[in-house]
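**Student:** Pasting a structure here, questions to come.
The values are calculated or read from the model by the stated rules, or taken from the named source; none is laboratory data. Fair warning: this is a prediction, and the values are worked out from it, not measured in the lab. Neighbour counts are summed over all protein chains in view; Cβ atoms, including those assigned to glycine, are modelled from backbone coordinates with ideal geometry. For the accessible areas, the whole protein counts, side chains as well, though only heavy atoms, and no ligand, DNA or RNA atoms are used. Shrake-Rupley method; radii C 1.70, N 1.55, O 1.52, S 1.80 Å.
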Amino acid sequence: MARPLHADIDLDALRHNYRLARDLAPSSQALVVIKADAYGHGAVACARALGGLAPAFAVASLEEATVLREAGVAEPIVLLEGIFAPDELERVDALGLWLVVHSEWQVAALLDHRPRRPVPTWLKVDSGMHRLGFDPARAEAVWARLTACPERVTALHLMSHFATADALDPACFQHQMTTIDALARRLDAPTCLANSPATLAWPRAHGAWNRPGVMLYGSNPLEGGNDAARELRPVMTLRSEIIAVREVASGEPVGYGGRWHAPRPSRIGVVAAGYGDGYDRHAADGTPVLVDGQRTTLAGKVSMDMLTVDLTDLPGADIGSRVVLWGEDPSGARLSIDEVARHCDTISYTLLTGILPRVPRRYRHL
Ligand SMILES: *Cc1c(COP(=O)(O)O)cnc(C)c1O
């Protein structure tokens, strides 16, 4: 028998979440974000699972787009940060990619290039996040230069990104939205604005296109959540088994540094999963874990290949018992990755993208 740790990827859940995103924004098209290997889920498998559903995909680099094209993914693919050097335009053209331009040098390179066919281009504007994009005051002039070159640039859209669409306090979001609305009206430009939280919570931000990412994988990005977010289904289940059980006396320490001490005579289960697999070493004592579909907690520091859980109140649990570290148990019990992330002082994005190559992915409902 092989090591029991697996990342099971439920592609039906991915399609369910995609349809939810689409139905929340019926007048928008979804630019499905599958950067970072689809947030750790496997970009090729996810793109294929959404074939015929998703109108376009988004990635972070030419390398990520190349993997998809070589696997036969034929839908439009947007490079969210555009090119990193002018010589990438040749490949952009050959692969038929769509481009974001966020900096003057990218605009100059694009207008210098003679593509086989005009490149669908998204002009990135900084509406307040202050990461990528043109200042709104300069955007009109850049827009005019791009629209003046229809043999190089086509299907121009305005793109911007929100810094706080997930937050309960709407002030910063509304300020960004006001800036973008004014610019889009002046340019009569179609927009692409909404990430997952804005797709879920801010219909005002739904443009010609949206850019849902993490919600497609079943994580709720909203501080507090809402009804739509509660309908998301987990796509990844990180699953393993109990490989050893021991009794420890009251007061005995468990694991590295003896961080956890048994508050009573306790039964400890050892799970085959550790930080060498990408399970976060910052997980605190008390982090929830499902054993045979029932909730229990992490007891002691996560090691490289193993972690320990408290089985004292689960007398039926033993060697071979099912363990779910996040996702869905066959009994139907669920453990939200967002809840696990809070116990690790992080966010679902880092847990999902952090699952390491030694964890075999198993795809369900191809
Ligand atoms: C990653 C990314 C997204 C998706 O964000 P989520 O919070 O995962 O929905 C959207 N737009 C841009 C520019 C991104 O880089």
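**Student:** When you scan the stretch 1-29, how many residues do you find that are open to solvent by 10 Å² or more (accessible area, probe 1.4 Å) and either closer than 11 Å to residue 217 by Cβ or small (Gly, Ala, Ser) (or both)?
**Tutor:** Residues flagged as open to solvent by 10 Å² or more (accessible area, probe 1.4 Å) and either closer than 11 Å to residue 217 by Cβ or small (Gly, Ala, Ser) (or both) within the stretch 1-29 amount to 4.
**Student:** Sticking with this structure for a sec: Residue by residue through the stretch 149-176, note down the ones that are more than 16 Å from the ligand (Cβ to nearest atom) and either crowded, with 17+ Cβ neighbours inside 10 Å or closer than 14 Å to residue 189 by Cα (or both).
**Tutor:** Within the stretch 149-176, 152, 153, 154, 155, 156 meet the criteria.
**Student:** Continuing with this model, one more query. What pairs can you find where one residue is in the stretch 201-226 and farther than 14 Å from residue 26 by Cα and at pLDDT 95 or above, the other is open to solvent by 40 Å² or more (accessible area, probe 1.4 Å) and near the ligand (Cβ under 8 Å from one of its atoms), and their Cβ atoms are less than 7 Å apart, with a gap of 6+ or different chains?
**Tutor:** 214/349; 221/166; 222/166
**Student:** Of the conditions (1) touching a Ser or Thr at 6+ places or on another chain (Cβ under 9 Å); (2) assigned to a strand (DSSP E or B), residue 31 clears all except one; give me its number.
**Tutor:** (1)
**Student:** Something else now. Quick one: in the stretch 338-366, which of the residues that are within 16 Å of the ligand (Cβ to nearest atom), over 16 Å from residue 5 (Cβ atoms) and not aromatic (Phe, Trp, Tyr) is most open to solvent (accessible area, probe 1.4 Å)?
**Tutor:** Only one residue tops the list, namely 347.
**Student:** If you check 313, 292, 338, which single one turns out to be touching a residue at least 40 places away in the same chain (Cβ under 8 Å) and either touching a Lys or Arg at 6+ places or on another chain (Cβ under 6 Å) or on the phi < 0 side of the Ramachandran plot (or both)?
**Tutor:** The conditions single out 338.
**Student:** Right, another one. Kindly indicate whether residue 146 is in contact (Cβ under 8 Å) with a residue 40 or more places away in the chain, within 26 Å of the chain's Cα centre (by Cα) and either buried (at least 18 other Cβ atoms within 10 Å of the Cβ) or under 29 Å from residue 200 (Cβ atoms) (or both).
**Tutor:** Against the criterion (in contact (Cβ under 8 Å) with a residue 40 or more places away in the chain, within 26 Å of the chain's Cα centre (by Cα) and either buried (at least 18 other Cβ atoms within 10 Å of the Cβ) or under 29 Å from residue 200 (Cβ atoms) (or both)), residue 146 does not qualify.
**Student:** I need the full set of residues from the stretch 62-82 which are within 15 Å of the ligand (Cβ to nearest atom), in contact (Cβ under 8 Å) with a residue 24 or more places away in the chain and either open to solvent by less than 10 Å² (accessible area, probe 1.4 Å) or part of a loop (DSSP other than H, G, I, E, B) (or both), in order please.
**Tutor:** 65, 78, 80, 81, 82
**Student:** Which residues, counting only those in the stretch 156-191, are under 19 Å from residue 139 (Cβ atoms), without any contact (Cβ under 8 Å) to a residue 40 or more places away in the chain and charged (D, E, K, R)?
**Tutor:** Within the stretch 156-191, 181, 185, 188 qualify.
**Student:** Does the stretch 287-298 include one or more residues that are over 23 Å from residue 40 (Cα atoms), open to solvent by less than 10 Å² (accessible area, probe 1.4 Å) and in the same structural domain as residue 341 (by TED's automatic domain parsing)?
**Tutor:** yes
**Student:** Which residues, taken from the stretch 286-308, are in a strand (DSSP E or B) and among the polar types (S, T, N, Q)?
**Tutor:** Answer for the stretch 286-308, where residues must be in a strand (DSSP E or B) and among the polar types (S, T, N, Q): 294, 296, 297, 308.
**Student:** Separate question: Got at least one residue in the stretch 112-124 being away from the ligand (no atom under 16 Å from the Cβ), open to solvent by 60 Å² or more (accessible area, probe 1.4 Å) and of a type in the set (A, V, I, L, M, F, W, C)?
**Tutor:** Checked the stretch 112-124: no residue is away from the ligand (no atom under 16 Å from the Cβ), open to solvent by 60 Å² or more (accessible area, probe 1.4 Å) and of a type in the set (A, V, I, L, M, F, W, C).
**Student:** Can you pull out every residue in the stretch 89-108 that is surrounded by 19 or more Cβ atoms within 10 Å (Cβ to Cβ), farther than 24 Å from residue 53 by Cα and out of contact with any Gly (no Cβ under 8 Å at 6 or more places or on another chain)?
**Tutor:** Result: 89, 107.
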